[in-house]
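Peer 1: Right, I'll just put the structure down here and ask away after.
The values are calculated or read from the model by the stated rules, or taken from the named source; none is laboratory data. Quantities reported herein were computed from a predicted structural model and do not represent experimental measurements. All Cβ positions, even for glycine, are placed from backbone atoms using ideal geometry, and neighbour counts span all protein chains on display. When the accessible area is computed, the model is the full protein with side chains, heavy atoms only, and any ligands, DNA or RNA have been set aside. Shrake-Rupley method; radii C 1.70, N 1.55, O 1.52, S 1.80 Å.
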Amino acid sequence: MNDSNTVGLGDEKAHVRVYIANRPPLSDYLELAECRPMVIGEIARIAQETGNHWRKIFNVYAKLMAEYRSEAMTSTWQAWRDDVLLQQGSDTALLFSTVPDSNLGDTIPIEAIHLWMGKGFASENGFFAEQGSEWLDAHFAINRRKRWILCPYFDYRQLSNERIQRLAVLMKSFSV
């Protein structure tokens, strides 16, 4: 059963849920009204048809997951991006809807991690209105109670390899 407020791409029961303010500028995605898994080849098609912006988002997401799940990775981040990322059972989602309350019952696992991509998006959607939200440094903010992390936009300059490693450590801190 899909939560009607969840719109995006990926595994609707994902534990790693990334929220972004925009969508791929293709009619399939602009009209999307649910969370649906991607299929093999779809990421490559979006990157080819929309350019480097979306290629970077998918690449950074895959690199982050490779860092976060380094012990479970059996392939390169590139192969994982192409064969697993945002597909059914991937445990990942890229969501275009606002961040829901983390206590939505069956739809979202209670142990899900919610990554808010970009300061502007987070501010517009009440990240700092929630009690317990705090800045950790110039790039990251966290709300441990909600399991929310505000991170830089998924772009090589904003979320460098060093910051990807820091974000993976923050994500792992929820497991402790």
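Peer 1: Tally time: how many residues in segment 37-54 are open to solvent by 60 Å² or more (accessible area, probe 1.4 Å) and under 23 Å from Val99 (Cα atoms)?
Peer 2: The qualifying residues number 1.
Peer 1: Looking at Pro152 and the list (1) farther than 23 Å from Glu12 by Cβ; (2) within 12 Å of the chain's Cα centre (by Cα); (3) at pLDDT below 95, which single condition is not satisfied?
Peer 2: Failing condition for Pro152: (3).
Peer 1: While we're on this one: What is the number of the single condition among (1) closer than 23 Å to Arg55 by Cβ; (2) in contact with a strand residue (DSSP E or B) (Cβ under 6 Å, 6 or more places away or on another chain) that Ser160 does not meet?
Peer 2: The one condition Ser160 does not meet is (2).
Peer 1: Just to be sure I understand the filter: pairs with C-beta atoms under 9 Å, separated by 6 or more residues or on different chains, first member in segment 58-73 and without any contact (Cβ under 8 Å) to a residue 12 or more places away in the chain, second member buried (at least 22 other Cβ atoms within 10 Å of the Cβ). Which pairs pass?
Peer 2: Final answer for the pair search is Met73/Met65.
Peer 1: Can you tell me which of (1) open to solvent by less than 10 Å² (accessible area, probe 1.4 Å); (2) closer than 23 Å to Asp155 by Cβ is the one Arg23 doesn't meet?
Peer 2: Exception for Arg23: condition (1).
Peer 1: Next question. Which of the residues spanning segment 157-176 are in a loop (DSSP other than H, G, I, E, B) and either surrounded by 14 or more Cβ atoms within 10 Å (Cβ to Cβ) or within 15 Å of the chain's Cα centre (by Cα) (or both)?
Peer 2: Answer for segment 157-176, where residues must be in a loop (DSSP other than H, G, I, E, B) and either surrounded by 14 or more Cβ atoms within 10 Å (Cβ to Cβ) or within 15 Å of the chain's Cα centre (by Cα) (or both): Gln158, Leu159, Ser160, Phe174.
Peer 1: Being among the polar types (S, T, N, Q), open to solvent by less than 60 Å² (accessible area, probe 1.4 Å) and under 26 Å from Glu124 (Cβ atoms) is the filter here, so list the residues in segment 55-104 that pass it.
Peer 2: Selection gives Asn59, Thr92, Ser97, Ser102.
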